[in-house]
Amino acid sequence: MTGTTVTGSPITSTPTIALHNALIVTPDGVVESDLLVAGDRIERLGTGDADVHVDIGGAWVGPGFVDLHSHLREPGFEWKEDITSGSRAGAAGGYTALVAMPNTAPAIDAGHRARFVIDRGREAGFLEVVPAGAITMGRRGEALAHLDELWAAGVRIFTDDGDTLADSGLLRSAMEYLAERGGVVAQHAEDPGLARGGHMHEGTVSSRLGITGLPALAEETVIARDLSLVTLTGVRYHTQHISTAAGAALIKEAKDQGLPVTAEVTPHHLHFDHTRVETMDPDFKMYPPLRTAGDVEGMRVALHEGVIDAVATDHAPHAAYESEVPFEEAPRGVIGLETAAAAVLTALDPEPVMFFTMMSVAPARIASLGGQGQWIAEGSPANLTVFDPDPTWTPEHFASKSQNSPFRGVKLRGKVRATIFRGRLTHQDLE
Amino acid sequence: MQQDAPVQIMDGADVRRALRRIAHEVCERHHGAENVILVGIHTRGVPLAQEIAHAIADFEGTHVPVGELDIGLYRDDLDNRPTTRLGRTLIPVDVTGETVVLIDDVLFTGRTIRAALDAVSDLGRPAAMELAVLIDRGHRQLPIRADYVGKNLPTSLEERVTVRVDGLDQEHGVWIERPL
Amino acid sequence: MKHLLAIDQLDRPAIEEILDLADHFTEVLSRDIPKVPALRGATIATLFFEGSTRTRLSFEKAAKALSADVLNFTPSTSSLSKGESLKDTALTVQAMGTDLMVVRHAMVGAPHRVASWVDCSVINAGDGAHQHPTQALLDALTLRRHWGKLDGLRIAIVGDIRHSRVARSNIAAFTTLGATVTLVAPPTLLPEDVTDFGGTIASDFDEILPDLDVIYMLRIQLERGSGPVLPSLPEYVARFGLNRSRFERLPPEAVVMHPGPMNRGIEIDPAVADGARSLITAQVSNGVATRMAVLFRLLTGKAQP
């Protein structure tokens, strides 16, 4: 035994871990050091006795990634993914926490349903699964969900994701209710009338292909309307999967005005534009759709400048046979947990501090996850990601149950070498 | 495979003489040139057929109809050979009941002629079909023989025989390339 | 070339090669025995998930004139209605020894998806509002025969451009061959963004009439319903129909085309459709020779690209 007292953790036989040759990322800079993990805490920055020694060859070590937006499909759609397989995929992607979207069957609109998701996540044991709660019952947009029950079960982010809460009066009520508690209202911005019948971005490519398009306006108008309500209610507001440069401009303006507004962007919106749809491959079909090259550049700039706070995967698994149909018939969404970090590094080439901020610290703060997104320090929780920025690789096969990824066959830089959740190695790929 | 520089074995005058002789043989066999149709096989069979027709008009006074035939749609090797451009198939008269004399520049494996026989049969029912070639180089893969031959030229498989005709090429004559 | 999925796959020499082949096949079709053995032993399957007897028959005739065997798959009588997926249907048909599939589907990109699943060749016979390459080729052939060439021809395409795969394919084919194309339609029937589309827009049909060589009328798709895109049918006909008075204001050499089937008396006056300056019948008869050319081009010389 190491002889060290580990505070705050149940008695487990968690082996102590020593990481050697680490580049520890902190807001004050990058420190070359070893790292010792004992129990569920960081013991110290330095060497010591340990049960497991891992040489990570100069890779970055920072707070474990937090995903604000994952579809784990359980309960109700387990053939696409379940909480166990989704957690495993998350760990492989360097995640120590996932916010699970509530568009399951049944929707997460009541306390016991939220607790089900939390318990399943705990059983799986790979990372912290935090359910988001629906704003309205069944996500039908008609009546408010059991917001208090959900809050009591630990839900802090509320969204009807998959759909937009279009009824301005109902949205206002939800905002007023949650503003009081400090909850976050997150919006999937897709105006139903403007988006009707659309399968891809409305523009030159959709016109050439003869596919009904989804105008950028469908996102902008919802954000604009929501921001007016935020001004009125003061609620913490989060724009999910933002995709338009115009939408980002609205967020910037709101932040400049001091409104409590945050935003997330997906890795695929940092990489691909609408010309990909010419392949007719549903691995390029999602909401929001892939937009113009100008929007892709706009998203990169906005993320770099902090107008967009966080990267969120919108991990949306679909079984292979569901996508073996024409583009217009295929379901929307692509997986993303296992490629997110590499995609972000390849697209932005960020400094390590910025990288961990957008992948971990900022999303943890938005989701109010206390034990997550904390910069490495002695005594801080051992939720860590070891990320090697050097190797190039091409994703081919995924740990998720589903394989619908736009990154298949795309050369990416950067690999998750290890993930540590509450002091346990949940993933390693050290060659 | 490296080849020797081409050796000319017939010049323009030799070719002309051979074609005139073939023209005479055709008229001899058919007691004149009534009921005879000359059909040149694309590409070089066509001008050769025209030259034979001119010769017959010269010494017999008969105008023999000349047709052209592209066998590109009848070949047995369409899978492997590139799809070269098709030439025109146009026989100006009905072939049924007439004697069709197919004309080609070089007779080799016989497959082109086999295709030509099928093609003409699809256009009608000739009373008979005959074959005239400028060069017979041997190596038949099918039981096909020429009725009229300009020159017999025993060759090996590695050699290449080239016929060039006025109008299509800059020169008129027959060349053979031997391997080193 | 393994598949023909969209006209923009073909550059000018490639299109002209197919049109030249089509000329040869026209001669074959004029014979007493309109048949050649070129594709003997090949199996061609038609998979028409969207109804169209005329196009399917045209392909069938083309295949048979080349001595190929034909398999026809029609969804209403098949297991697709029992829920078999597009992919499984394609693989089943392929397993019967198919060398080439002709696919028509109501959804954009369906033939492309089929091409990604099978080893044999695929021809797009119409996918949603996207492309109908053989229609464009037979239309180009028709114009080439009438005018000698398409360079410099002033062509107007009139009608529901937004939902028309014929319009999209034809614009590409006509402009590649040197013609200029003007699109005439009300704003709600034009594509949302015409920046890359390849033609100029005119909303006043009458204004451009004296400067046209070819009027290509599209079928107004009544089964789509007017709904929010058209104010009313009579209004559309008044503004965009090719009636006799408009026809008379065309230059004397101008010709009229239509991909069929026509709504007589709606987008086109019946006398105009049947008149001497209509190429509509020629379009239909050129269809078989054009499709023979495409089948021949895709299934022979496989050793080369």
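What residue, of C:G159, C:G109, C:G97, is small (G, A, S) and in the same structural domain as C:F240 (by TED's automatic domain parsing)? Give the steps one after another, and end with the answer.
Values: C:G109 fails: in the same structural domain as C:F240 (by TED's automatic domain parsing); C:G97 fails: in the same structural domain as C:F240 (by TED's automatic domain parsing).
After applying the criteria, what remains is C:G159.
Please return the ranges of strands (runs of 3 or more DSSP E) entirely within the stretch B:73-171 where 2 or more residues are within 25 Å of B:V15 (Cβ to Cβ) and out of contact with any Asp or Glu (no Cβ under 8 Å at 6 or more places or on another chain). So that I can check it myself, show each step before the final result.
Details: elements: B:99-107, B:128-136, B:148-152, B:160-164.
The qualifying strands (runs of 3 or more DSSP E) are B:99-107, B:128-136.
For every residue, the table says whether it meets (1) within 14 Å of chain A (Cβ to nearest Cβ); (2) not hydroxyl-bearing (S, T, Y).
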{"site": "C:D139", "(1), (2)": "no, yes"}
{"site": "C:H146", "(1), (2)": "no, yes"}
{"site": "C:K149", "(1), (2)": "no, yes"}
{"site": "C:A156", "(1), (2)": "no, yes"}
{"site": "C:V166", "(1), (2)": "yes, yes"}
{"site": "C:T182", "(1), (2)": "no, no"}
{"site": "C:R246", "(1), (2)": "no, yes"}
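Quick one: which of A:G138, A:G162 is on the phi > 0 side of the Ramachandran plot and assigned to a helix (DSSP H, G or I)?
Values: A:G162 fails: assigned to a helix (DSSP H, G or I).
Matching residue, one of A:G138, A:G162: A:G138.
Within the stretch A:48-76, residues that are under 13 Å from A:L337 (Cβ atoms) have Cβ atoms under 9 Å from residues that are modelled with pLDDT under 95 in these pairs: A:H71/A:G162, counting only partners at least 6 apart in sequence or on another chain.
Each row is one residue, and each column tells you yes or no for (1) at pLDDT 95 or above; (2) farther than 22 Å from A:V301 by Cα; (3) under 21 Å from the mean Cα position of the chain (by Cα).
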{"site": "A:G197", "(1), (2), (3)": "no, yes, no"}
{"site": "A:H201", "(1), (2), (3)": "yes, no, no"}
{"site": "A:V205", "(1), (2), (3)": "yes, yes, no"}
{"site": "A:I223", "(1), (2), (3)": "yes, no, yes"}
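Scan the stretch C:11-29 and give yes if some residue there is closer than 22 Å to C:H112 by Cβ, surrounded by fewer than 16 Cβ atoms within 10 Å (Cβ to Cβ) and within 14 Å of chain B (Cβ to nearest Cβ), otherwise no. Break it down stepwise before answering.
So the first thing to find is which residues in the stretch C:11-29 are closer than 22 Å to C:H112 by Cβ, and the list is C:11, C:14-15, C:18.
Still in the list and also surrounded by fewer than 16 Cβ atoms within 10 Å (Cβ to Cβ): C:11, C:14.
Cutting the leftovers down to within 14 Å of chain B (Cβ to nearest Cβ) gives us C:14.
Checked against the condition, which is being closer than 22 Å to C:H112 by Cβ, surrounded by fewer than 16 Cβ atoms within 10 Å (Cβ to Cβ) and within 14 Å of chain B (Cβ to nearest Cβ), the stretch C:11-29 yields at least one hit.
The number of residues in the stretch C:125-157 that are more than 15 Å from the chain's Cα centre (by Cα) and within 15 Å of C:M257 (Cα to Cα) comes to 9. Residue count for the stretch A:317-327 under the criterion of being facing chain C (nearest Cβ under 7 Å) and either within 26 Å of the chain's Cα centre (by Cα) or not acidic (D, E) (or both): the result is 4.
Kindly indicate whether any position in the stretch A:143-154 is of a type outside the set (G, A, S) and modelled with pLDDT under 95. No, every residue in the stretch A:143-154 fails to be of a type outside the set (G, A, S) and modelled with pLDDT under 95. Within the stretch C:87-110, the presence of at least one residue that is part of a helix (DSSP H, G or I), within 14 Å of another protein chain (Cβ to nearest Cβ) and surrounded by 22 or more Cβ atoms within 10 Å (Cβ to Cβ) is confirmed.
Condition (residue is crowded, with 20+ Cβ neighbours inside 10 Å and over 23 Å from A:G162 (Cβ atoms)) applied to the stretch A:255-266: is it met by at least one residue? No; the residues of the stretch A:255-266 include none that is crowded, with 20+ Cβ neighbours inside 10 Å and over 23 Å from A:G162 (Cβ atoms).
Of the residues making up the stretch A:57-73, those that are closer than 18 Å to A:P27 by Cα and in a strand (DSSP E or B) are A:W60, A:V61, A:G62, A:P63, A:F65, A:V66. Between A:V54, A:V37, A:V31, A:V99, the distinction of being part of a strand (DSSP E or B) and closer than 28 Å to A:W151 by Cα belongs to A:V99 only.
In summary, A:S323 fulfils each of the numbered conditions (1) polar (S, T, N, Q); (2) more than 28 Å from A:G29 (Cα to Cα); (3) at pLDDT 95 or above with the single exception of condition (3).
If the condition is being surrounded by fewer than 22 Cβ atoms within 10 Å (Cβ to Cβ), among the polar types (S, T, N, Q) and closer than 18 Å to A:M280 by Cβ, then the stretch A:173-206 contributes only A:T204. Considering only residues in the stretch B:45-92 that are closer than 25 Å to B:G124 by Cα, at the interface with chain C (Cβ under 8 Å from one of its Cβ atoms) and exposed (fewer than 15 other Cβ atoms within 10 Å of the Cβ), the one that is modelled with the lowest pLDDT turns out to be B:R85.
The values are calculated or read from the model by the stated rules, or taken from the named source; none is laboratory data. Note that the structure is predicted; figures quoted are calculated from it, not measured. Heads up, the Cβs are rebuilt from the backbone with ideal geometry, glycines too, and the neighbour counts pull from every protein chain shown.
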